[in-house]
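Below is one structure, written out as structure tokens; comments come after it.
The values are calculated or read from the model by the stated rules, or taken from the named source; none is laboratory data. The structure displayed is predicted, hence computed values, not measured ones. Counting neighbours? That spans all protein chains shown, and the Cβs are built from the backbone with ideal geometry, glycine included.
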């Protein structure tokens, strides 16, 4: 989770106010969830497309906010990421043919040395290639868990499976990822 994540009570209050048209409450929601949504989106799409998509996601959240209810026992973050996931799918449907791999996830601190830059870049590509070899559901559960930083409960709501299903899927995905990474890592060591 991000550091300035509101408590459940603050979140409910903020959502309720935003549902009643309070734009400052929506701005608080935007600030609380922007980093997670951006990270998730930029990992799935090229950066220039991701930036526009994130804006579209928050427009859709504003437009559909009246449909959200805490009484349905779906965390707000899961509801929001379901919208994000569908927005990304829509982008792929509309723009077939671009590569999903963003080069922007390289940590700028490692750019201080040529060795650090190339090691970071190589590791990123190895993990990315291994992720691309995974079945879609495995890839999705790992990205939602580790890139978007969602809890098992939130991932379950986004993917519409049980929390136990998320844990099993995540374990299988990590094992499969390890199988794909092992040969790759042995080649560079």
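Some notes on this structure:
- On the stretch given as segment 147-179, residues that are within 14 Å of the chain's Cα centre (by Cα), over 26 Å from residue 125 (Cα atoms) and surrounded by fewer than 19 Cβ atoms within 10 Å (Cβ to Cβ) total 1.
So that you can scan it fast, the table gives a plain yes or no per residue for (1) modelled with pLDDT of 90 or more; (2) closer than 12 Å to residue 78 by Cβ; (3) not in a helix (DSSP H, G or I):
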{"residue": "120", "(1), (2), (3)": "no, no, no"}
{"residue": "123", "(1), (2), (3)": "no, no, no"}
{"residue": "129", "(1), (2), (3)": "no, no, no"}
{"residue": "138", "(1), (2), (3)": "yes, no, no"}
{"residue": "142", "(1), (2), (3)": "yes, no, no"}
{"residue": "149", "(1), (2), (3)": "no, no, yes"}
{"residue": "161", "(1), (2), (3)": "yes, yes, yes"}
{"residue": "167", "(1), (2), (3)": "yes, no, no"}
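- The one condition from (1) surrounded by fewer than 18 Cβ atoms within 10 Å (Cβ to Cβ); (2) in contact (Cβ under 8 Å) with a residue 12 or more places away in the chain that residue 42 does not meet is (1).
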